[in-house]
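Presented below is the structure to which this report refers.
The values are calculated or read from the model by the stated rules, or taken from the named source; none is laboratory data. Here the structure is a predicted model, which means the values were calculated and not measured. Cβ placement follows ideal geometry from the backbone for every residue including glycine, while neighbour counts extend to all protein chains displayed.
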Amino acid sequence: MSSRLAIAGQIMLRKFEKVYVVVSMLFFAGGLIQRAVAENDPTARTGPDYAYQVGAVIIYAILMPLVLFHWREMIQGLLRSGWIVAICFLAGVSSAWSYKRIYTLRHALLLSLLTLFAIYIASCFDWEEQLNLFGWLSVITIVGSCFMAVFIPSYGISQDVHAGAVKGLFPHKNIFGRQVVFAILTLAIAKPFGIPRWFRFGTVVIGCGLLALSNAGTSILAMVACVLMYPILHLLKFSGKKTLPLWVPFVPLFAMGLFLVMSNYGLVVEATGRNNTLTGRIPIWKVVLGEIGKHPWFGYGHDIFWNNFTASLATVRYVLGYLPPHAHNGYLDVLLGMGIVGLIVFLAGLLTSVWRAGTLFRSDCVAGAKWPLLMLVFFAVFNMGESSILRQTTFLWIPYVTIYVSLGLMAAKKHDATADGPEIVGGVAFGTGRMANGVLPGYGT
């Protein structure tokens, strides 16, 4: 009787954890508590966002006992989080040269907690479970946003300077665009097994329509980049070692296309409905690069530049005539926060993930094997026009860290299986051709 109660308790706990993860991710994505219904809304909250702070406290308060309960799995995940832990540590250390040490240290702690949440997902759920969690988040994103746009347009459609653009559950069309692209890639590429095929297909179609209506340029561009990269990555996958790689003939075509785009830059951006400043981004980047040059190696301190008024920020406001919320480029914001050193540490982690994801893409040995690499392409391209790196209030850091840690755990288990021969891992034997905790024989070879 006691064993049955224990099993029932474990099942209930597992269900609770899954609901907790999906709801928390929706919260961090901005789909539960909006900081402002519309951009430039005079009634928007400009002071501390207490609702968001309370929500974050509740999420992290629940996370701590779960981390302790799964301490063995968490240790394994942390051991495979090298570059991720390094960048979080550097964010904390940067408080030593920050204008406001306590502020930077507090934000570094919040970043570390968000990172711990992502490591918890990667460590305590197997690969297929992770895909299901991201899949149901994607369904809620698209279906919920469609409902808001159709039935509550005053909330789901922008009423501000972007009037008419769909923003669904989210406070801004660009945030909405980010989440919809993530949802489309997850449902179409990862194909979570817990979601019926017909429902996934219909949701993807609706998501594509909503993305077009959002007019979120950076997200649409990132989506196009992923679509164009998909066949190229397949060519790389099937290239033989003893023959001319299939991608070689496409190099001159790609170079020619890039030359035509660059030489006709003005016409291209006009065709997309933008101006040649990329909606004001280029002036921001120019003035930000000047400020980066004043503290090139270690930056100003994590997440401090845009959040505390200083002479440098006054210069930005004077040159631009207004004060943007961030650099509209994740890599520039890393340089502002932690300088060249921080960017090197971050890129080391990104390239490590890309290498592992590329190996998984080529082997195609697990469910959703192509999803990590496409997600990293989206993450890298999106951050050229928006800022979703090392920010404790942005969603994309969660799947980025989850992919990094999950691929690290897969590689470690494959290495152990190769070294020790066939063994039982998670109830499935290596060497049988079946998946064991998300790893199949052949991965990493």
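Quick notes on this structure:
- Of the residues making up segment 139-170, those that are assigned to a helix (DSSP H, G or I), buried (at least 19 other Cβ atoms within 10 Å of the Cβ), touching a residue at least 40 places away in the same chain (Cβ under 8 Å) and touching a Lys or Arg at 6+ places or on another chain (Cβ under 9 Å) are Val139, Ser145, Ala149.
- Odd one out for Phe346 among (1) without any contact (Cβ under 8 Å) to a residue 40 or more places away in the chain; (2) of a type in the set (Phe, Trp, Tyr); (3) surrounded by 20 or more Cβ atoms within 10 Å (Cβ to Cβ): (1)
- Tally of residues being surrounded by fewer than 22 Cβ atoms within 10 Å (Cβ to Cβ) and part of a loop (DSSP other than H, G, I, E, B) across segment 281-312: 11
- Candidate set from segment 349-384 (those that are out of contact with any Ser or Thr (no Cβ under 9 Å at 6 or more places or on another chain), of a type in the set (Val, Ile, Thr) and assigned to a helix (DSSP H, G or I)); member that is surrounded by the fewest Cβ atoms within 10 Å (Cβ to Cβ): Thr352
- There is at least one residue in segment 319-337 that is under 25 Å from Asn174 (Cβ atoms), modelled with pLDDT under 90, in a helix (DSSP H, G or I) and touching a Gly at 6+ places or on another chain (Cβ under 9 Å).
- Matching residues, segment 61-81, being of a type in the set (D, E, K, R) and more than 23 Å from the chain's Cα centre (by Cα): Arg72
- Screening segment 193-212 for residues that are in a helix (DSSP H, G or I) and not hydrophobic (A, V, I, L, M, F, W, C) and picking the one that is surrounded by the most Cβ atoms within 10 Å (Cβ to Cβ) gives Gly207.
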